[in-house]
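These notes concern the structure reproduced below.
The values are calculated or read from the model by the stated rules, or taken from the named source; none is laboratory data. Computed from a prediction, not measured in an experiment: that's the story for all the values here. Heads up, the Cβs are rebuilt from the backbone with ideal geometry, glycines too, and the neighbour counts pull from every protein chain shown. The protein model used for the area step is the full one, side chains on, heavy atoms only, and it has no ligands, DNA or RNA in it. Shrake-Rupley method; radii C 1.70, N 1.55, O 1.52, S 1.80 Å.
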Amino acid sequence: MNTIIYMVRHAESSYSEGNERTRGLTSKGILDAETITSMLRGEGIDRIISSPYARAVLTLEGLAKELGVEIKTDEDLRERHFSDDVISDEYFMPALKKSFEDPDFALPGGESSTVCQNRSVRVLKKILDECKGRKIAIGSHGNVMTLMMNYFDFRYEFDFMNQTTKPDVYKLQFEGLELQAVTRLWSEQKDRKA
């Protein structure tokens with residue numbers, strides 16, 4: 001019996017230092033969240049679990065209302081904490097790449113890939129165990145989503161993460177704890193609209 005996980009990377013959100021948990025969606029992000037609702041409404045999803053960060057919850061809020069389900073949040077799905085220090089853009093990407101090459105590397109006060117992957121995969125394994133044969137949407141972040149997928153298939157790494165978009169949607173088909181297939185739904189949706 002297959003379990004289907006819809007990994008939903010949050011829609012576009014305006015970045016400003018200090019509001020990591022509470023920042024909402026841009027106007028483009030709001031429109032894209034509506035597209036996600038349209039895309040997923042007929043998939044048979046009966047449970048939605050999300051990062052507690054506002055941008056992840058807001059991306060799936062319309063779908064939850066339409067399906068009449070509550071969004072459950074799990075702290076261990078939160079965005080990866082990269083550092084206690086402010087990191088310049090020019091230093092961030094090389095440091096992020098290094099964290100994929102060396103999973104135990106972490107910036108001062110930050111999480112390594114290993115730590116972030118372990119906490120988020122624990123949640124995913126629990127979902128797969130408790131929701132066998134069901135369809136579940138997970139509201140996530142690019143780095144966390146990639147690390148969860150990477151746990152089951154090493155092809156999902158730094159380069160994969162860099163080609164994902166905000167939002168993005170991947171349909172993961174599991175048999176037990178084995179990842180059987182991955183389909184990117186967001187690009188299909190965008191192609192249909194073009």
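Structure above, values below:
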| quantity | calculated |
| --- | --- |
| Cβ-placed point charges (K, R +1; D, E -1), dipole of the chain about Cα centre in debye, nearest 20 | 680 |
| Within the range 1-88, trypsin sites (Lys or Arg not before Pro) in DSSP loop having at most 14 other beta-carbon neighbours inside 10 Å | 21, 41 |
| With Cα atoms, 0 to 90° folded angle of helix 89-101 axis to the chain main axis | 70 |
| Extension gain, residue 66 back to residue 27 (0.36 nm per residue minus Cα-Cα distance, nm) | 12.0 nm |
| Carbon + sulfur, % of accessible area of the chain - ligands and nucleic acids excluded, 1.4 Å | 48 |
| FRET E, pair residue 89, residue 112, Förster distance 25 Å, beta-carbon r, rounded to 0.05 | 0.75 |
| Among (1) 16.0, 46; (2) 20.4, 74; (3) 16.0, 53, the entry derived from the coordinates for Rg and Dmax of the Cα atoms in Å | (1) |
| Simple spin-label estimate for residue 126 and residue 20 in nanometres, 7 Å along Cα-Cβ | 2.1 |
| Alpha-carbon centroids, the range 121-146 and the range 1-66: separation in whole Å | 14 |
| Share antiparallel - DSSP beta bridges, the chain, percent rounded to 5 | 50 |
| Estimated FRET transfer efficiency when R0 is 30 angstrom, pair residue 41-residue 159 (beta carbons, to 0.05) | 0.40 |
| Separation in nanometres of the label points that stand 7 Å from Cα toward Cβ, at residue 105 and residue 1 | 4.3 |
| With DNA, RNA and ligands ignored, accessible area of residue 74 (1.4 Å probe; Å², nearest 10) | 50 |
| Residues whose placed amide H lies under 5 Å from that of residue 105, excluding near-sequence neighbours | 113 |
| Over the chain: helical MRE at 222 nm, DSSP H runs n ≥ 4 each giving -39500 (n - 2.57), nearest 500 | -13500 deg cm²/dmol |
| Stretch gain in nm, segment residue 187-residue 75, where the contour uses 0.36 nm per residue and the Cα spacing is subtracted | 37.5 nm |
